Every structure is written in C-alpha cells, then in structure tokens.
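The values are calculated or read from the model by the stated rules, or taken from the named source; none is laboratory data. Every value quoted in this text rests on a predicted model; they were computed, and no experiment measured them. Note that each Cβ is placed from the backbone with ideal geometry, even for glycine, and that neighbours are counted across all protein chains shown. Quick note on the areas: whole protein, heavy atoms, side chains included, nothing else; ligands and nucleic acids left out. Shrake-Rupley method; radii C 1.70, N 1.55, O 1.52, S 1.80 Å.
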Amino acid sequence: MIESLNPLLASAVAAAIPLILAALGELVAERSGVLNLGLEGMMLIGALAAFVAVAHGGGLVGAVLAAMLAGALIALVFGFVTLTLQANQVAAGLSLTILGTGITAFLGRQYVGFRAPASFVELPIPYLSEIPLLGPSLFSMNLLGYATLVLLAATAWVLYRTRAGLALRCIGESPTVARSLGLPVIPVRYAAVAFGGAMAGLAGCYYAVAQFKMWQEGLTSGNGWIALALVVFATWRPLRVGLGALLFGGVSALGLYLQAINVHVSVFALSSLPYLATIVVLVFISSDQNAIRRNAPASLGKAFHADS
Amino acid sequence: MSLQLPFRLIPRAQPSQRMLVVAPLLAVVLTLLVGLGIFAALGQNPLTAFRVFFIDPVSDIQGWSELLLKASPLCLIALGLAIGFRANIWNIGAEGQMYLGGIFATGLAIHFHETGGAWLLPAMIIAAAVGGALWAAITAALRAHLRTNEILVSLMLTYVADLLVKYLVYGPWQDPQSNNFPFTIQFGDDALFPLLASWSWLGFDTLLEGTRVNLSILMTLVAVPLAWLFMDRSFIGFQLSVAGLAPPAARYAGFSEKRLVWVALLLSGAAAGLAGVSEVAGPIGQLNDRWTPGYGFTAIIVASLGRLHVVGIVFAALLMALLYLGGEAAQIALQLPKAISQVFQGLLLMFLLGCDVLVNYRVERRRAALPVVQPVAAA
C-alpha cells in the first residue's frame, strides 16, 4: 500500500523543485524591497537558454550557466528600469513577463519538437534511497534537485546568519535607514534582483532539461506566478518556501496521479488544480493580514531615489 | 565597484505635462530603432522589413478593416483595465474574463443554433458582458472582502478559464463533425455580427467589399465616450483616481475601497467579456481552443501606453493592432516567426516605463570634476 504512494511523492517533489528555486530568488529580491512580477518571463528565458545550450553541445554545465546568466541579465534590465529609472515595479514586472514570453516564442521556434540531447537523470543516493517513502522521493532526485536543497539551506543561512543578509533585510525594511547607516541600497537591490533572475533561470533550466527535456512555447505554464504566490504563502521565510512548494507540488502530482489511475474526472479539471489551489492558499494566508503585515518587507514595491 | 551613472536624476516639483506626451512617443521611436536592429541582425533589409511590418498592412482598405477588427477588442479591454489601473487595482486576468465572455456567448449561440432570431446576438452580447463580469467578480470578492492579491488571483483564473475553454471544445461543445478537432459548430447568421459591407444603405458597400470588419466595432465606438464620461467626469471616476494617486487621501475622504474594487473589476470584466463576444461572433464564428492572440495581456500595454486616458488608449490600441498585423505580414513575407510582434510589445512597454522617468525627473549630466559622496558597493 505504501509503495503505491511512491510515484505520487516523487512527482510532488519533482514539481516542487523548480517552484523552490524560483520562489527563493524572488524571496531574496522581495526581502531587499523589490517586487519582481517577471518571474514567469525570466523562467521562460532561462528555460530556452538552457535548451539552446544543450542543443548546441554545451552539456548540462553549459545549460545551467546559460540559464542563470540569461535570467540574471534580463533581470538586470528590469533592475535598470525600476531601480535606476524609478519605474513602477508592478508594471515593469508585467512587461518583463510579456517580453520574456515574446522573446522565447520568437527565438525558440526553431527548437520546438526536438528532444534535449542531454538531461539531468535521477541519482539515487545509496542506502538513503531505500528508506520507505522518503527514499524514492527525496533521495532519488537529479543533481538539480539536490542543489536546490543546498541552495534553500544556504539562502536561509545567508539571510539570517550573515551580515550581508542582515544588510539586505534592513534595506528591504527601510532603505532610508539603511542608507543613513551607509549601506549601498541600490547596488544591493541590483544584486538581489540579479540573484532572483539567476534562480528563475535555473528553475527554467529544470523544466527544459530535467523535467520535460524539450522546449515549447510557454513551457513554464504559469508556474512563475505560482512561485510568486508561494513567497506570500511562505510569509517571506525561506524554509517555509520549501514546505509550501511541496504542498503545491503535491497538488500538481495529485492531478497527474488521478489521471494515471483513470479517475472519471476531466483532465482539464485535474490540470486546473494547481491554479485553484494557489487561489485557495492565497485566500487562506490573506485571512491573516497581521501575519502578512508583520512579515512583508516594509518597503516592498516602493521606489527609492538615492539622491533625494 | 562603482555604479555611478553619467547622469543624475533631479526630482521635478511637478510631473512634466510635456513629457507625459513625449515619453510614449520616445518609447515608440526607441522600439522602432531596436526593431530595425533586430531585422538587420536577422539578415533582413531593415527598410524592407519596416515597410512590410508597418506600411504594407495598412496600404489598402482590406488592411484598415483588419486593423479595426484587432484594435476594437484591444481598445475595449484596455478602457476597462484603465479604470482599475488608475486606482492601483491590477486586473491582470482580462484574458480569462475575455474567455468567459466568449464561452457565455457561445453557449447561447449553440443552444439556439436552430431556433435563433434577431434577439440572439443582443442576448449573446449581454451574456458575454455578464460572463466576463462574473469571472472578474471572483477576484473582486476575494480582494475586497478577504484582501487577497488581485494580480495573482486574476491570473490564476486565466489559466483556469483557458482549461475551461479546452474542456468545452474537446468535450460537450465539440462539433460532432469536427473529426475530434477542438472547435464548436460554426455559428448561424443570427449569432454573428453583420459585416459592415453587408449594410448597403451605409453607402460603404463597394468600398468595404470583401472586408471582414463588422458591427462589433460599434460597441467600442459607444464605449469610448462612455469610458471618458465615467473616468473623467463622474464622481466615482474621481474617487478611483484619488485612490490611486493618494490612498491616504481617499481613506480620509471616506471613499469605500471595497466599492472601488468591485466597480473596477466588474467593469473591466464586462469589457473583456464584450471583447470575447466580438471575437467568437466576429471573424472566428465559433469557439476553439486557440482563438485569441492574447488580447487580454496586450491590453495591459495598450492601457499603459495610452496613459490610462481614453484618447491615448484609442491611439495605443491602433498601434498595437498594427503590431499584430505587422507580425502576421512579416511571417508571410519574410518568414519570420509571428511572435516578433510580442517581442515588440514587450520592448515597447519596457521602453515606455523607462522613458517615464522623464515625467517625474530632470536628467542632468554628472560633471566628472565634482566629487560625489556615494557609499562604495559591496562587491
């Protein structure tokens, strides 16, 4: 009986990994006070960059590097527009998504219909992978999956246990205070935005060369937006991002699982589960406005003009 | 590492009225320049590409008809969105609300396919507005009463609406003769907007012969002055603007935020629903699984580019429609992927946001001699 849950858990974890990556990057950006709604666009750009890299013989290392670099670069465009040119972050984030969707649809057309020549394969850890339930899911991931867990822990550590993390959080709470303390507000925000872009790119890489092993227009199918919701759900705490991602991943996996065992529900209804779950979770979390107010970076989404 | 820019931004005492107009034009010019660069990089003669993209599509009456067909729904949706955007109520799910408009209208068209009459099309129009508004009402209720983020909810609902369309056209509403292709039956004449060319008493019939432009543009023509009255001449329109520009002032004045959220979302949902019926009962004449070229998202750009003002939105909708047509023409004439129009759309919005800095700031060259005290960035 327990064995029958293995594929469900494994696919929940597999669906959770890219969400964790993207949400972690967004979390760091938001903790510095920058709301980047362009996750979906950055993920698509990362996904295409990764696919192009493997398609041209760059290998998996090339895919990871290309995805992170492409994600970070496009994020810096967003950074320039919002941080230097003081544009509205909501509008700029949306335009980043529109731009990313367009660029990838345009440049990616010649790559549609091919299988990735290289992809991340599962690497079960000896012994650990034989633990019931946890083994086949948590200890039989691919390299990107393990790297995600390391990044999760590292992000939490940097944010809460280092000077740099403290500075970043301070800037997100009050850039004015941070500046009077001599902290470089705008450069740190640039760095946080670039980190967010690199992580979103990595999440895209996961879709293109680990999960689907191909490129297709709109490959990320709204998961960038789900990752954004995840940050709110996690009340801007890295470790809760991990838990939340498992929850969302579980819902997606449940849809696939029910399809596989031929439940008489339309596949379209099952496919809509992650989106509906996101709404339910958002409603649930926003019912406690105090928790949001307590945890949200106080300067989130507000422009900061260094010369003023 | 130093992040000194060669210029500095000096806040203006008041937003520059001149720059409010100059910035969008500058953004269009910058987009064009980058566009020419892209064409050159793709090995196309930039000038030929420019002509194919921007001139040829509107060089005959056929082209203008197509331009209106595309600009009309874009304008309709953008007018609705602008109402909310003015109050910082970000309805990003117009695409989904448009799907629901299409679904509601299609439901009537299919159900009364045999028995319809002259009442059918008006009924479909009302149903479409109701459908779009109902879908937006979910977002409105959650935002107004539970303070749930409207951006994420409206967007998630767009993905759900897309799946709902797919469910219908692959399932209960599929044309039995479609060989399992995902579309419904072709609507009867009672369920279609009449072509302008078919109205011979207008005197345009020879001019418009063979064009597809239809009566649905009347909805937009009516909506434009109504939207202006609502946004710039009504009390609630004023409340929305205040809520966007100075939220504390709006609270102090006792404007109900809940009411504004409901009004903005219901109106934009209804407008998107109308755009939906203008498509399914217009050039397409049926519901299928990929009937919209993303009007709901493009309308966000239209609203921003048009400065959330009625006149600006009309021009922006025409420009964006031209980008769609140009993309299609470039695909046929230059074998470039159609998605190039989306690239231009994204660039245009990004440039616009960047250029907007000129509205609130004066740009001043930094003099090199002047020592500037600036904390050094952590590497």
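Odds and ends about this structure:
- Looking only at residues in the stretch B:147-191 that are open to solvent by 40 Å² or more (accessible area, probe 1.4 Å), part of a loop (DSSP other than H, G, I, E, B) and in contact with a Ser or Thr (Cβ under 6 Å, 6 or more places away or on another chain), the one that is nearest to the other protein chains (Cβ to nearest Cβ) is B:147.
- Residue within the stretch A:56-63 that is in contact with a helix residue (DSSP H, G or I) (Cβ under 6 Å, 6 or more places away or on another chain) and either closer than 30 Å to residue A:186 by Cα or not in a loop (DSSP other than H, G, I, E, B) (or both) present: yes
- Taking the conditions (1) within 12 Å of another protein chain (Cβ to nearest Cβ); (2) buried (at least 22 other Cβ atoms within 10 Å of the Cβ) in turn, residue A:204 satisfies each one other than (1).
- Test: residue B:49 is open to solvent by 40 Å² or more (accessible area, probe 1.4 Å) and out of contact with any strand residue (DSSP E or B) (no Cβ under 8 Å at 6 or more places or on another chain): no
- Total residues in the stretch A:207-229, condition within 14 Å of another protein chain (Cβ to nearest Cβ) and open to solvent by 20 Å² or more (accessible area, probe 1.4 Å): 5
- Residues considered: A:232, A:241. Of these, the only one that is modelled with pLDDT of 90 or more, facing chain B (nearest Cβ under 10 Å), in a helix (DSSP H, G or I) and open to solvent by less than 70 Å² (accessible area, probe 1.4 Å) is A:232.
- Of the criteria (1) farther than 25 Å from residue B:311 by Cβ; (2) among the hydroxyl-bearing types (Ser, Thr, Tyr); (3) crowded, with 22+ Cβ neighbours inside 10 Å, which one residue B:72 fails: (1)
- When residues of the stretch B:115-139 are limited to those that are in contact with an Asp or Glu (Cβ under 8 Å, 6 or more places away or on another chain) and buried (at least 22 other Cβ atoms within 10 Å of the Cβ), the one nearest to the other protein chains (Cβ to nearest Cβ): B:139
- Within the stretch B:1-41, the set of residues being surrounded by 15 or more Cβ atoms within 10 Å (Cβ to Cβ) and outside any helix (DSSP H, G or I) comprises B:8, B:9, B:16.
- Residue count for the stretch A:104-160 under the criterion of being closer than 21 Å to residue A:6 by Cβ and hydrophobic (A, V, I, L, M, F, W, C): the result is 14.
- Subset of the stretch B:282-307 that is among the hydrophobic types (A, V, I, L, M, F, W, C) and either out of contact with any helix residue (DSSP H, G or I) (no Cβ under 6 Å at 6 or more places or on another chain) or under 25 Å from residue A:92 (Cα atoms) (or both) - its residue that is most open to solvent (accessible area, probe 1.4 Å): B:297
- Restricting the search to helices (runs of 4 or more DSSP H) fully inside the stretch A:69-186 and requiring at least 1 residues that are of a type in the set (Lys, Arg) and within 22 Å of residue A:200 (Cα to Cα) gives A:163-173.
- Scanning the stretch A:181-193 for residues that are surrounded by 24 or more Cβ atoms within 10 Å (Cβ to Cβ) and within 29 Å of residue B:157 (Cα to Cα) turns up at least one hit.
- A Cβ distance below 6 Å, combined with a sequence gap of six or more or placement on separate chains, defines the contacts here; from the stretch B:192-217, residues that are over 21 Å from residue B:271 (Cα atoms) and open to solvent by less than 60 Å² (accessible area, probe 1.4 Å) reach residues that are among the aliphatic types (A, V, I, L, M) and modelled with pLDDT of 85 or more in the pairs B:196/B:213; B:208/B:196.
- Top-ranked residue in the stretch B:282-294 [being within 22 Å of residue B:318 (Cβ to Cβ) and within 13 Å of chain A (Cβ to nearest Cβ); ranked as modelled with the highest pLDDT]: B:294
- Candidates are the residues of the stretch A:267-291 that are open to solvent by less than 60 Å² (accessible area, probe 1.4 Å) and at pLDDT below 85; the one that is nearest to residue B:144 (Cα to Cα) is A:289.
- Selection count where residues are open to solvent by less than 10 Å² (accessible area, probe 1.4 Å), over 19 Å from residue A:253 (Cα atoms) and more than 14 Å from every other protein chain (Cβ to nearest Cβ), scope the stretch A:12-46: 8
- Lone unmet requirement of (1) part of a helix (DSSP H, G or I); (2) at pLDDT 95 or above for residue A:5: (2)
- Inside the stretch A:179-198, residues that are at the interface with chain B (Cβ under 10 Å from one of its Cβ atoms) and more than 14 Å from residue A:28 (Cβ to Cβ) make up a count of 8.
- Some residue of the stretch A:95-118 being among the charged types (D, E, K, R), surrounded by fewer than 21 Cβ atoms within 10 Å (Cβ to Cβ) and closer than 28 Å to residue B:27 by Cβ: yes
- Test: residue in the stretch A:20-30 that is at pLDDT 95 or above, over 12 Å from the mean Cα position of the chain (by Cα) and either within 27 Å of residue A:140 (Cα to Cα) or not small (Gly, Ala, Ser) (or both): yes
- Qualifying residue in the stretch B:225-244 (condition: more than 14 Å from chain A (Cβ to nearest Cβ), surrounded by fewer than 17 Cβ atoms within 10 Å (Cβ to Cβ), assigned to a helix (DSSP H, G or I) and under 15 Å from the mean Cα position of the chain (by Cα)): no
- Matching residues, the stretch A:215-233, being small (Gly, Ala, Ser) and over 18 Å from residue A:12 (Cα atoms): A:218
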